[in-house]
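Novice: Structure below; questions to follow.
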Amino acid sequence: MLLQIEKLIPAYFEPAQIIGSEIWGKRIDVLPGELIKIVAPSGSGKTSLIHFIYGLRNDYNGKIILKEQDLQLFKPEDFATIRSKILSIVFQDLRLFPALTVFDNLEIKRQLNPFHPKEKIIEFAHRLGIESKLQSRAGTCSYGEQQRIAIIRSLLQPFEMIMLDEPFSHLDNVNAKKAMELILEECKSRNACILLADLERVDFFPYTKLLNL
């Protein structure tokens, strides 16, 4: 088992907020290689769920078990390890370094947690249509370009599970499909799980499990 979520409820939720949820207060088992789609209306805790799993927040009741380890018992160095080897993420707010070039944003990540050679940066940027932006400062790129930068960055490190928080919100269908194809290829080669959370279904994501938050 890669991940287990057991009776998880945000500590700040009112009882009415979990009614009808297929995640809050339930048990969810996640296997390696699963493709999980979470449909989450605004305000339902989508980003909170991702932050709980990634260890950025712990204000919840219930348990999150990652590879048979309870995240509530983790120390900061434990989270540093799982973020470098097990979990990758595309944040909704992206968290790029705006003053650095696109290439440097990607190369810093690649060097911190090596998995792919440097040449992959150029290959991935070409595939997602931002190769011409590699020497531009990230802060000068459009939000759609920044989303593609963040997606590439997430694929440069080792991972067994990648979490995507509204990853295509500023991409047109053509670019979103290209990005999804790249993510799926990378995850298939690693037998990695995808957890994609969005406001509505993403038709071109071939999920194996659909959950309403």
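Novice: Which of the residues that make up region 185-205 are small (Gly, Ala, Ser) and either touching a Cys at 6+ places or on another chain (Cβ under 8 Å) or crowded, with 19+ Cβ neighbours inside 10 Å (or both)? Outline the logic, then answer.
Specialist: Within region 185-205, the first condition is being small (Gly, Ala, Ser), and the residues that meet it are 189, 192, 197.
Listed by number, the residues that qualify are 192, 197.
Novice: Can you pull out the residues in region 51-104 that are in a helix (DSSP H, G or I), under 30 Å from residue 129 (Cα atoms) and more than 17 Å from the chain's Cα centre (by Cα)? Working first, answer last.
Specialist: Pass one, region 51-104, residues in a helix (DSSP H, G or I): 51-54, 71-73, 76-85, 102-104.
Imposing the further condition that a residue be under 30 Å from residue 129 (Cα atoms) reduces the set to 51, 54, 83-85, 102-104.
Those that are in a helix (DSSP H, G or I), under 30 Å from residue 129 (Cα atoms) and more than 17 Å from the chain's Cα centre (by Cα): 102, 103, 104.
Novice: Determine whether region 115-133 contains at least one residue that is within 16 Å of the chain's Cα centre (by Cα), acidic (Asp, Glu) and either in a strand (DSSP E or B) or farther than 30 Å from residue 23 by Cβ (or both). Explain how you work it out, then say what you get.
Specialist: Of all residues in region 115-133, those within 16 Å of the chain's Cα centre (by Cα) come to none.
Checked region 115-133: no residue is within 16 Å of the chain's Cα centre (by Cα), acidic (Asp, Glu) and either in a strand (DSSP E or B) or farther than 30 Å from residue 23 by Cβ (or both).
Novice: When the residues of region 1-21 are filtered to those that are modelled with pLDDT of 95 or more, of a type in the set (A, V, I, L, M, F, W, C) and touching an Asp or Glu at 6+ places or on another chain (Cβ under 7 Å), which remaining residue is farthest from residue 71 (Cα to Cα)?
Specialist: 11
Novice: Which residue is farthest from the chain's Cα centre (by Cα), if the candidates are limited to region 2-42 and must be on the phi > 0 side of the Ramachandran plot and surrounded by fewer than 16 Cβ atoms within 10 Å (Cβ to Cβ)? Spell out the reasoning first.
Specialist: Start the filter on region 2-42 by keeping residues that are on the phi > 0 side of the Ramachandran plot, which leaves 7, 20, 25, 33.
Checking which are surrounded by fewer than 16 Cβ atoms within 10 Å (Cβ to Cβ) leaves us with 7, 20.
Numbers: 7: 22, 20: 24 Å.
Checking each candidate, the answer is 20.
Novice: Confirm whether residue 46 is crowded, with 19+ Cβ neighbours inside 10 Å and either more than 14 Å from the chain's Cα centre (by Cα) or of a type outside the set (S, T, N, Q) (or both).
Specialist: Values: crowded, with 19+ Cβ neighbours inside 10 Å: yes; either more than 14 Å from the chain's Cα centre (by Cα) or of a type outside the set (S, T, N, Q) (or both): yes.
Criteria met by residue 46.
Novice: For residue 176, are the conditions met, namely being of a type in the set (Gly, Ala, Ser) and either closer than 27 Å to residue 21 by Cα or assigned to a helix (DSSP H, G or I) (or both)?
Specialist: Details: of a type in the set (Gly, Ala, Ser): yes; either closer than 27 Å to residue 21 by Cα or assigned to a helix (DSSP H, G or I) (or both): yes.
So residue 176 passes the test.
Novice: Just give me the residues in region 134-151 being outside any helix (DSSP H, G or I), out of contact with any Phe, Trp or Tyr (no Cβ under 7 Å at 6 or more places or on another chain) and either surrounded by 14 or more Cβ atoms within 10 Å (Cβ to Cβ) or free of Cβ contacts under 8 Å to residues at least 24 places away in the same chain (or both), in sequence order.
Specialist: First, pick out the residues of region 134-151 that are outside any helix (DSSP H, G or I): 134-137, 141-142.
Among the residues that remain, those that are also out of contact with any Phe, Trp or Tyr (no Cβ under 7 Å at 6 or more places or on another chain) are: 136-137, 141-142.
Listed by number, the residues that qualify are 136, 137, 141.
The values are calculated or read from the model by the stated rules, or taken from the named source; none is laboratory data. Please read these numbers as outputs of a predicted model, since none were measured by experiment. When we count neighbours, we look across all protein chains shown, and the Cβ atoms used for this are built from the backbone with ideal geometry, even at glycine.
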